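Written out below as structure tokens is the structure these notes cover.
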Amino acid sequence: MAAFVSQIRAAMTQPLSILYRDEHLVAVHKPAGLLVHRSKLAGGEREFLLQRLRDQVGQRVYPVHRLDRPTSGVMVFALDSGTAARLGESFTERRIAKRYLAVVRGVGPEHEWLDYALREEDGSRPKAEMPALEALTEIRRLDSVELPVQVDRYPTCRYSLMEVRPLTGRRHQIRRHLSRRGYPIIGDAKHGKGNHNRFFAERLDCPRLLLAAVGLHVEHPVDGSRLMLSCGLDAAMTALFQRFGWAGHLPSDGADIDASPTPA
């Protein structure tokens, strides 16, 4: 765990990894543990992605979507208010595609659609009073591993690498959907399993939430081209993938542009 803490501290002092930039928008790799912006959840925090990126690029940046604090991965920001409005519409109207990688307990399904309505968890009123909203997530098992260690009641423990593509954007949707299906994400303090979280933190030196946003496809808000962004994993998740024999699934940083017209 000490090594992971050192990695987090180093990430907070090093420049953000910029995946793509033009005169209208910028995409970065958000480190795990970093809040996107100031909020009621911030407490005494002094470091925020929004301010760090603003200082690094030397101009104001506009957020158009979110990632939870413990989740790492690709985020895109607009560089002016007009672009932010158009880009925000793409997210609101679901004209984007997101790809995540998650490490979960158990051997997950080969392929499945999770269609469980979710109530908002914004703290403004009891969750039971909130309306249930449509939530749809596609999951696919990419790999799995069995370790000769007793973490629960069985003599061995099994974990899976899941590819996750949410079609809606409810709060904590991926974490809640996978937990409800019986495959909680490792490192999820609220929806996961404490004994497995501790095993990864103490024995595998990986105490973070094992969820990363590794792909984002979005229509460029100015010229209409298709922008395909990909994001590698941090050192802790990369080392874990290599240890489990999952190196072939490691994503890399990149940005591709498809200039062909987007179908109406």
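The values are calculated or read from the model by the stated rules, or taken from the named source; none is laboratory data. Being a predicted model, the structure only gives us computed values, none of them experimental. Every residue, glycine as well, gets a Cβ built from its backbone with ideal geometry; the counts of neighbours run over all protein chains shown. With ligands, DNA and RNA removed, areas are computed over all heavy atoms of the protein, side chains included. Shrake-Rupley method; radii C 1.70, N 1.55, O 1.52, S 1.80 Å.
Side notes on the structure shown:
- The numbered conditions (1) more than 23 Å from residue 74 (Cα to Cα); (2) modelled with pLDDT of 95 or more are all true for residue 166 except (1).
- Residue check, residue 140 part of a strand (DSSP E or B), closer than 22 Å to residue 245 by Cα and open to solvent by 60 Å² or more (accessible area, probe 1.4 Å): yes
- Residue within the stretch 24-35 that is farther than 23 Å from residue 208 by Cα, surrounded by fewer than 21 Cβ atoms within 10 Å (Cβ to Cβ), in contact with a Ser or Thr (Cβ under 8 Å, 6 or more places away or on another chain) and at pLDDT 95 or above present: yes
- Scanning the stretch 59-99 for residues that are on the phi > 0 side of the Ramachandran plot and either assigned to a helix (DSSP H, G or I) or modelled with pLDDT under 95 (or both) yields a single hit, 94.
- Residue-level check: of (1) in contact with a Phe, Trp or Tyr (Cβ under 7 Å, 6 or more places away or on another chain); (2) free of Cβ contacts under 8 Å to residues at least 60 places away in the same chain; (3) open to solvent by 30 Å² or more (accessible area, probe 1.4 Å), residue 135 misses just (3).
- Meets criteria (open to solvent by less than 60 Å² (accessible area, probe 1.4 Å), under 30 Å from residue 189 (Cβ atoms) and among the aliphatic types (A, V, I, L, M)) for residue 57: no
- Among (1) at pLDDT 95 or above; (2) crowded, with 16+ Cβ neighbours inside 10 Å - the single one residue 146 does not satisfy: (2)
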